[in-house]
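Take a look at the structure set out below.
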């Protein structure tokens, strides 16, 4: 059966996910609703697997595996943004090539695939789940490129355009702040972008079929998929037209076979074959009629290692996360989850995780570092960490109060997060979630050092945890009430003291609850309703 | 794709705009900038209460000779409200959008060539513009809403009259517009005691940190030696009387349904201070402004016109 429409469908779905995710990641004006990015990211394999471990819905993961079992690696060619990026890169590279690229069949380098897969599994199983997943998840790898590299470039182009057409009145067009992440955090996405794009231009989906553990896992399943592409020995002239369009180098004309584990179901070959010799067929019911002794039916050592690996990966990460969750739970003092102020020292964290992430440890376990929250954050206070959290927090988002501060009424990071790493708290709860505590050092405060009014900290404080008290000759001196401080960083950002800020927020390892002081309606300071002058 | 006609039209508009906008005014602006507009012998303060915001603006302007006394046909107008915080109108953290919209409409009715609205916000600017309601109100009324967080729109100018603030990056709208209308909201302020007309002009400057580092009160007064607003209209409809300037909730505001209008920024702030139950002489920037002869804080020297619209 010939299905010329398959490629069209593949391209359409890929364009949907590719443009949708790219738009969500490069959106520098907050124009794309956070929910759109969240939805497109939630159907990615690794985020949905992380969410599953946290007790979220099983449906997405089951759907991906079921789809792979039915139709091969359609995920890799339609849903995975890194796969789509490689197809785009390969196509662009084709425009610059004189002779069309013709990739011959190459036998699979299975030992490399297995090695990368096992390294990932070992990392996940032995306590580095968050770090490992963030380094190998293709969706997160794409996200970091898009959020940290593409987004600033698009913003730069926007600003250049605004500069040219400013005279038109500027309605709807404006310059935006350009924030590049720190060099340490940018290096890896930049290197991987060059690697992935370079490999794609050179050898198509070599990355997916060599390094990507998701590709390896789905490749294992797709070996037994129901619908498969196959060569018709009666029609194939071995002309090699299909090789010109195959990005996976998986068509073995000599043996008349297609390596199903590497085929990403792009369906390019169907249309390329003038003899109509490539079929997309249901393979399952024909199996019993196959002659005994075919390779497929012999016990496959690879398959066993895979099954073992996959099982270990899932059980290991569940165990690791639950173990850690348990140990954290026992640490906290109060029944309501709040930390008594005496234990603040013990609870300090060198980097600050976003509100809704519950604790730094839980955040680092669950976050795959896709940086969708960084793209969604309207203030840009979320920045990728280099080693601020320590090694395990490499490239995980942190609040950087030198850039901005966390907007009191905003929850866009949580709305975007596909991993359950940042949970969407009710607004009132977000506004009383303490991610850090402000520490005021009056010896550096301008009111004391210069003897003039300032209070920029108190001015910006949304909870008035930083207020002022009368001081000296008609001055106002800041003071902090820790009970109502949520650690949003507005005070630290606003503090103009140099070279050292007089007020800094110290992060909390495990977030706690700040008290919200409700005040009665203010009274009119005038005597009577008439003008007091 | 656009048609060729559209392309040509937009190219022409672009060319015209480039040839007109920032450079044409530079000479004129810089020549007059250092001279503060002279305060008439006796300041006039119009205080209106107990009307809708729009009705109170109309009453105040009528008393001062109409909007036409301030905005001439063909002039460019900059309206500078307080759009500091990501808070809805009822919180009183920003100038009320109704007031902004009404003033913009009046300027355009008076024949203004263009009316622009901006502020250098404290909270994230797009959210603040949107949630304050001012972006929509100003745009609906026909104003250009301009980014206050774009440093390329600011120009370094020297402020020879300043004691502490001797030069600053100032928004080009404030430097180049023919008319500057100051539209603050009256609020308690934990750093300066209160904020109204004089302090609202801090939002015309890029680097607010400099003010805080170098005697906040003096710097606030210094800016007025660069350019005084042609008119100050203080929104005291429901002033925030505590927890300012950001406020915590609607419980922080008290309904006073008042509008204070004057050319004299010091006099209008002195009256505003009294609305909050404060002694103007205890607010340092008002005292400094009076000493620098930017206006008068002695309300007995001011002609106060009181209106009640009940």
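Every read-out reported here was derived from the displayed coordinates using simple, explicitly stated rules and does not represent laboratory data. This structure is a prediction, so every number in the text was calculated from the model and none was measured. Quick reminder, even Gly has a Cβ in these numbers, built from the backbone with ideal geometry, and neighbours come from all protein chains shown.
To the nearest 10 degrees, how steep is helix A:110-125 against the longest Cα principal axis of chain A, on a 0 to 90 scale?
30 degrees
In angstroms, what radius of gyration and Dmax does region B:204-310 have, counting Cα atoms only?
Over region B:204-310's Cα set, Rg and Dmax evaluate to 14.6, 45 Å.
Taking the simple approach of a point 7 Å from Cα along Cα-to-Cβ for both residue A:498 and residue A:101, what is their distance in nm?
Simple spin-label model gives 5.1 nm for this pair.
Please report the projected area of region A:361-418's Cα convex hull averaged over all directions, in nm².
3.8 nm²
Report the convex hull volume per residue for region A:114-210, counting only C-alpha atoms, in Å³.
Considering the Cα atoms of region A:114-210, their hull volume per residue is 131 Å³.
What average number of partner chain Cβ atoms lie no more than 10 Å from the Cβ of the residues making up B:248-257?
Per residue, the average neighbour count from other chains is 4.
In which sequence would A:453, A:241 go, from the one with the fewest C-beta neighbours within 10 Å to the one with the most?
A:241, A:453
Within 10 Å of each residue's Cβ, count the other Cβ atoms and sort A:97, B:105 from fewest upward.
Ordered from fewest to most neighbouring Cβ atoms within 10 Å, A:97, B:105 come out as A:97, B:105.
Can you give the extra length, in nm with one decimal, that the chain gains between residue A:427 and residue A:63 once fully stretched, where that is 0.36 nm per residue apart less the Cα-Cα distance?
127.8 nm
Could you tell me how many degrees, from 0 to 90 and to the nearest 10, lie between the Cα long axis of helix A:301-331 and the main elongation axis, the longest principal axis, of the Cα atoms of chain A?
For helix A:301-331, the angle is close to 10 degrees.
Can you tell me the mean projection area, over all orientations, of the convex hull of region A:337-443's alpha carbons? Units nm², please.
7.4 nm²
Given 25 °C and 0.890 mPa s, how large is the Stokes-Einstein diffusion coefficient of region A:159-224 in µm²/s, with Rh as the Kirkwood radius over Cα pairs?
155 µm²/s
For region A:434-517, place one equal point scatterer on every Cα, skip the solvent, and apply the Debye formula. What is log10 of I(q)/I(0) at q = 0.22, 0.24 Å⁻¹?
After summing over all Cα pairs, the log10 values are -0.96, -1.10.
Calculate I(q)/I(0) for region B:147-247 by the Debye formula, one identical point scatterer on each C-alpha and no solvent, and give its log10 at q = 0.10 Å⁻¹ to two decimals.
So the normalised log intensities are -0.27.
Mind jotting down a quarter of the surface of the convex hull over the alpha carbons of region B:40-308, in square nanometres, one decimal?
Averaged projected hull area, Cα only: 12.2 nm².
Just the Cα atoms of region A:5-283: what Rg and Dmax do they give in Å?
For region A:5-283, the Cα radius of gyration and maximum Cα-Cα distance read 20.3, 68 Å.
Treating the angle as unsigned and between 0 and 90°, give the value, to the nearest 10°, between the Cα long axis of helix A:81-95 and the longest Cα principal axis of chain A.
Taking Cα atoms only, the helix is inclined about 60 degrees.
Return the single residue from B:212, B:188, B:96 with maximal mean-square fluctuation; model: Gaussian network over chain B, springs between Cα atoms under 10 Å.
In this elastic network of chain B, the residue with the biggest mean-square fluctuation among B:212, B:188, B:96 is B:212.
Please rank B:292, B:240, fewest neighbouring Cβ atoms within 10 Å first, as an exposure proxy.
Starting with the residue having the fewest Cβ neighbours, the order is B:292, B:240.
With a bin width of 10 angstrom, please list the P(r) values of chain A as percents of all Cα-Cα pairs, from the 0 bin to the one holding the largest distance.
4, 16, 24, 21, 15, 10, 6, 3, 1, 0, 0
For a Förster distance of 45 Å, can you work out the FRET efficiency between the beta-carbons of residue A:409 and residue A:190, rounded to the nearest 0.05?
0.85
For chain A, calculate the relative contact order in percent as a whole number, restricting contacts to Cα pairs under 8 Å that are 6 or more residues apart.
Relative contact order, chain A: 17 percent.
Could you work out, residue by residue across A:403-410, how many beta carbons of other chains sit within 10 Å of that residue's beta carbon, and then give the average as an integer?
That average works out to 3.
Using a 10 Å cut-off around each Cβ of peptide A:440-448, what is the average number of partner chain Cβ atoms that fall inside?
Mean partner-chain Cβ count within 10 Å for A:440-448: 1.
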